[in-house]
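Asks: What follows is a structure written as structure tokens; I'll ask about it next.
The values are calculated or read from the model by the stated rules, or taken from the named source; none is laboratory data. Computed from a prediction, not measured in an experiment: that's the story for all the values here. We place every Cβ from the backbone using ideal geometry, glycine too, and count neighbours over all the protein chains shown. Quick note on the areas: whole protein, heavy atoms, side chains included, nothing else; ligands and nucleic acids left out. Shrake-Rupley method; radii C 1.70, N 1.55, O 1.52, S 1.80 Å.
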Amino acid sequence: MKNIIEELWNGEINPQDTLVDNNPHYKELQHLQSCNKTELLESLSEEQKDKLEKYCDTTLEMNSVSEREAFASGFRIALRLACAALADKTNE
């Protein structure tokens, strides 16, 4: 059995791929977004479609940056909690 450090190093841990797999609310929103985008695209000119695609691409990239920063922040908080818990154990 591999340890978590090896899994992380080998790129085998990808929480972003499974965070919302079993979330029905997310699935509903995803479906609604897809339907709305399809309806919107049908009403746009080619130039407007290009602008919308650029907007969507930028939004996706911003979300990716935000998620990465939130993950890093959560990881730092978890390490601080672990350090605090270990410090409390050594003071007993």
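Asks: Give me the net charge for the shell around L44: Cβ to Cβ below 12 angstrom, other residues only, Lys and Arg +1, Asp and Glu -1. Provide the component values of the computation, followed by the final result.
Replies: On the way: positive: K37, K49, K51; negative: E39, E42, E46, E47, D50, E53.
Within the 12 Å Cβ shell, the charges total -3.
Asks: Continuing with the same structure: Would you mind working out the magnitude of the charge dipole of the chain relative to its Cα centre, with +1 at each Lys and Arg C-beta and -1 at each Asp and Glu C-beta, to the nearest 20 Debye? Intermediate results must be reported in sequence, preceding the final value.
Replies: Numbers: 10 positive and 18 negative charges, 79 e Å.
Approximately 380 debye in magnitude.
Asks: Any idea of the accessible area per residue across the chain, 1.4 Å probe, to the nearest Å²? Can you show the working numbers first?
Replies: On the way: 8590 Å² over 92 residues.
In whole numbers, the chain has 93 Å² accessible per residue.
Asks: Let's test the formula: R0 of 30 Å, r as the Cβ-Cβ distance of A72 and N36. What FRET efficiency results, to the nearest 0.05? Don't skip to the answer; put the middle values down first.
Replies: On the way: r = 32 Å, r/R0 = 1.06.
With R0 = 30 Å, the Cβ-Cβ based efficiency is 0.40.
Asks: Most fluctuating residue of E12, E67, E53 in a GNM of the chain with Cα springs under 10 Å: which is it?
Replies: E12
Asks: Specify which residue in the list L41, F71, L86 is farthest towards the positive end of the charge dipole of the chain, using unit charges on the beta carbon of Lys, Arg (+1) and Asp, Glu (-1), about the Cα centre.
Replies: L86
Asks: Would you please calculate the Kirkwood hydrodynamic radius of the chain over all C-alpha pairs and express it in Å, rounded to one decimal?
Replies: On the way: mean 1/r = 0.0576 Å⁻¹.
Mean inverse Cα-Cα distance, inverted, gives 17.4 Å.
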